[in-house]
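Note sheet for the following structure.
Rule-based calculations on the coordinates, nothing more; no lab input. Treat the numbers as computed from the prediction; the structure is a model and nothing was measured. Cβ coordinates were reconstructed from backbone atoms using ideal geometry, including for glycine residues, and neighbour counts include every protein chain displayed.
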Ligand SMILES: Nc1nc2c(c(=O)[nH]1)N[C@H]1C(S)=C(S)[C@@H](COP(=O)(O)OP(=O)(O)OC[C@H]3O[C@@H](n4cnc5c(=O)[nH]c(N)nc54)[C@H](O)[C@@H]3O)O[C@H]1N2
Ligand SMILES: Nc1nc2c(c(=O)[nH]1)N[C@H]1C(S)=C(S)[C@@H](COP(=O)(O)OP(=O)(O)OC[C@H]3O[C@@H](n4cnc5c(=O)[nH]c(N)nc54)[C@H](O)[C@@H]3O)O[C@H]1N2
Ligand SMILES: [Mo]
């Protein structure tokens, strides 16, 4: 279609970690090592990750790690199910992880735990980082984060003296308007300790969705082409255009990010038509009331989904799509491992796979007299698409050229990069060099700053948002499953009993939570597991209980990630 307006929901998910990884390592592969390495780490630091609820299959590695006597340190403003597995839990104010990371590096420097030989041989830019973290002495960071000096010191010691240490971030640290710099601060810490590329050690981001890694490396993001190539790189454009049999000039330039695109819909300069595949922004986008108004202002909204999501309800046309168990193909998991997916059953009559929908739209557009173009062709079989992707990604950062369906089956998945059929795959990156031009990892000095919205008299509390075990994302798939609905029938506002007492609220009371962007209503759930200055609302529900009616649409300047994890609110009895 020649449009530059394409983006994806991973923009709301791992984009800050992706940008920080590219900046420091020259590549974004969420985990540059297999998950099983977690079990071997002497110290494991989990920052803003509630894996016991969000990635239960991963917990067995944490249990093995604990059984081996490892330190498991969890950083979360709430005592989550994951924090309860930890040897040490740090409970910072939302949005202060950057200061915390700088303090850990400050302490490591003072104590002599940094790896000078590694810094000299494998990195650039440390001097400025050293000067910056000098300003993050523990007592100052205790005041910023609320984490006691003794816990900062214990964490730094556990990381700095471990043989094998791993630092992982997830959405709690990343979904902020300073998410890229926050992740950078943790990468700085990992680099200074000499972790990335060392056996059983390193930094990683826990990718959320099944194929979130695959989506972000093959061009769903507005500035990308397949193989993690950049759409503004002339050589990358020439390569991919040749694979597609189109002139490079026919490829659009970089577009805008998901939220900026949604906010521009139906405005004088914005798109008037939108095709949505597998996303429900009416529930999942920040400042969702505004996004909903923009969607309503479109001339044409088409949604491909297998359920009538809140976004599909607004659509002019809904294209019923098959479910994951009805499709063939591959996905790329959080380890950068390409896996086979097999269809378990046929879709119901009249329902097409996503690929069939795209291929059929393509065929009809091609046959439009105005668009007749021989280049506008599209392989309609999953395997042919994958083989095209191998050619398109060949020579790129995420190189799939040597990955075949047979090899995936024989090896239980293949880790990229895998540049040729004869080449081994790459379960672990960075052993000898980083993916930067000079092979060195790059430090970047980063400074703490407050959340975009600080608390004030009118909005005196922090709101943070996230997930619970029994609901998934915008809830389209899980709110209609009986046992899950029974387990978690509705949203709630988690708040500390001290705060509840101050507000005159009892457990179960209907609350109104208001931010500068909107309000929600949901019952109170009293819990000592949360800081008394912060309330938590899961984002799985729509309507009056929609968390994203409140969230802040302030974006990270680099990743364009919204500040989902912290905004200022007022809480009162409804
Ligand atoms: N059951 C279930 N599982 C899921 C999903 C789901 O919706 N439901 N979604 C999937 C997807 S797409 C993703 S991205 C992953 C997300 O997986 P996670 O990142 O583990 O999930 P979240 O609940 O968003 O956030 C994790 C934790 O961050 C904490 N947090 C909030 N603010 C801050 C902060 O400022 N700093 C720190 N350090 N922590 C903070 C929250 O209290 C929360 O416990 O889960 C995946 N798995
Ligand atoms: N406040 C707040 N907001 C958040 C977050 C947060 O932590 N707090 N987290 C953010 C994150 S990490 C994410 S990943 C986003 C998720 O945001 P969304 O992607 O909008 O959420 P999903 O519920 O996963 O939406 C997927 C939709 O696709 C449909 N679907 C599923 N499989 C298929 C398929 O194979 N084909 C098609 N065509 N449709 C399919 C589902 O029925 C559903 O309607 O939300 C973000 N929003
Ligand atoms: Mo996500």
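Numerical summary
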item	result
Residue exposure sequence - 59, 566 - by fewest surrounding Cβ within 10 Å	59, 566
19 Å reach of a label modelled at residue 127, 7 Å along Cα-to-Cβ, counting backbone N of region 179-222	192
Inter-part distance where region 454-481 and region 502-549 are each reduced to a Cα centre, Å	8 Å
Cβ crowding within 10 Å averaged over residues, with 64-77, 348-361, 507-520, 25-38 ranked highest first	25-38, 64-77, 507-520, 348-361
Taking 418, 456 and counting other C-beta atoms within 10 Å, the order from fewest to most	456, 418
Relative contact order (percent, whole number), region 479-574, Cα cutoff 8 Å, 6+ residue spacing	31 percent
Rounded if a/c under 1.5, otherwise prolate or oblate - region 1-83, Cα gyration tensor axes	prolate
Packing rank of 127-135, 557-565, where each peptide gets the mean count of other beta carbons within 10 Å, highest leading	557-565, 127-135
Relative contact order of the chain, defined on C-alpha pairs under 8 angstrom at six or more residues apart (%)	19 percent
Mean Cβ neighbour count within 10 Å, used as a protection proxy, ranking 388-400, 188-200, 294-306, 94-106 highest first	94-106, 188-200, 388-400, 294-306
Antiparallel %, DSSP beta bridges [both residues in the chain], to 5	40 percent
Approximate shape of the chain as ellipsoid semi-axes (Cα gyration tensor, √5λ), whole Å, largest first	36, 32, 22
Value of [θ]222 nm, deg cm²/dmol, for the chain, DSSP H segments ≥ 4, -39500 (n - 2.57) each, nearest 500	-8500 deg cm²/dmol
